[in-house]
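Before any comments, here is the structure.
Each value in this text was obtained by applying a stated rule to the coordinates, not by laboratory testing. Values in this document were obtained by computation on a predicted structure and should not be read as measured data. Cβ atoms come from the backbone with ideal geometry, glycine included; neighbour counts cover every protein chain shown.
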Amino acid sequence: MRTLAFTTLALALAGCATAQAPEVAGTPSAPVSPGEQAAPDGMRWLYGSGEAAGASIQAWRQLADYAVAVSRMRKMPESVPMGVPDAEGGIGSPSCVADDGKVKPFAAVFDVDETVLLNNGYEYWAAYSGKPFVAEEWAQWANGGAGIAAPVPGAVTGLRRLREAGITVVFNTNRNTENAAGTAAAIEAVGAGPAIHLDNLFLRGDDAMGGRKDGRRSMIAERYCVIVLAGDNLGDFADVFNANEDAIQARRAMVARGEYAQLWGNGWFLIPNPVYGAWQKGKLDEVFPPEARWMPSDATDAPNTMNESE
């Protein structure tokens with residue numbers, strides 16, 4: 001009887017062990033918190049890398065060197081082309097002479113977001129939450145981000161150099177007029193101010209052109225001789241570039257050839273932004289024209305796919 005009882009007990013225990021094994025093997029691992037997940041590559045570069053800091057400082061130093069040199073030239077000043085249509089329909093250079101015959105004061109015009117300010121707090125939330133752009137959340141950030149937003153590396157020193165040379169700093173941003181106070185506060189909190197709405201700060205809603213900036217550039221050109229434009233998007237220089245953002249190769253060619261190509265580093269200064277912008281368009285065949293497409297000799301026309309029937 002003791003042998004039979006022992007055998008029965010052993011079988012029972014073995015059964016319990018067998019029944020419990022799948023539970024142990026199938027226990028899920030602890031979930032990874034959003035903050036522990038990899039940040040998007042563009043955000044890693046712009047907000048976290050030394051390479052981005054170096055590129056921004058380089059651009060701002062070149063910008064300030066150029067503007068100070070132009071301001072000291074002993075000749076009649078000329079405005080940079082700035083999206084204000086001329087008689088031929090191009091992006092004309094407004095006159096630097098006012099109606100009363102006096103020369104207008106020099107100015108440098110800047111976009112704000114990712115040109116002067118880094119929206120690190122908002123972009124952290126965007127990556128952490130995984131949510132697309134939400135206008136209401138952006139408005140909260142635009143109104144309350146002062147003290148969290150950081151300056152673009154090189155911006156504070158560059159702006160100080162411009163002001164010391166007698167060049168007025170003007171901000172032209174697509175933040176809304178409802179965010180004027182928060183935008184000015186953020187600019188001033190990082191040491192890039194002052195910023196005063198409709199004096200040296202212009203926003204979406206200050207004219208009837210919405211997100212297009214040519215109208216605001218015209219307003220600025222009435223008062224100033226603009227010798228520098230800077231931004232992270234082509235629309236910060238002339239609206240013609242964003243007239244058809246789907247024309248990927250044509251838009252690139254417009255920038256890289258002819259009269260526009262002569263302006264980069266020569267009055268126009270682009271601050272790198274791989275996180276967002278009008279450049280976020282283009283299918284594979286639109287980004288790579290036929291003459292740029294290559295495959296190794298043993299490749300097929302289509303990528304390998306898994307045969308689900310096997």
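Relative contact order of region 39-290, taken over Cα pairs closer than 8 Å and 6 or more residues apart, is 27 percent.
Cross-link partners for LYS102 among the aspartates and glutamates, with Cα-Cα distance under 15 Å and sequence neighbours closer than 8 places in the same chain left out: GLU78, GLU222. Partner aspartates and glutamates whose Cα lies under 14 Å from the Cα of LYS281, excluding those fewer than 8 positions away in the same chain, are identified as GLU245, ASP246.
Calculation over all alpha carbon pairs of region 39-290 in 5 angstrom steps from 0 returns a P(r) of 1, 6, 13, 17, 20, 18, 13, 7, 3, 1, 0, 0 percent. In terms of the mean number of neighbouring beta-carbon atoms within 10 Å, the peptides 51-57, 292-298, 207-213, 165-171 order highest first as 165-171, 51-57, 207-213, 292-298.
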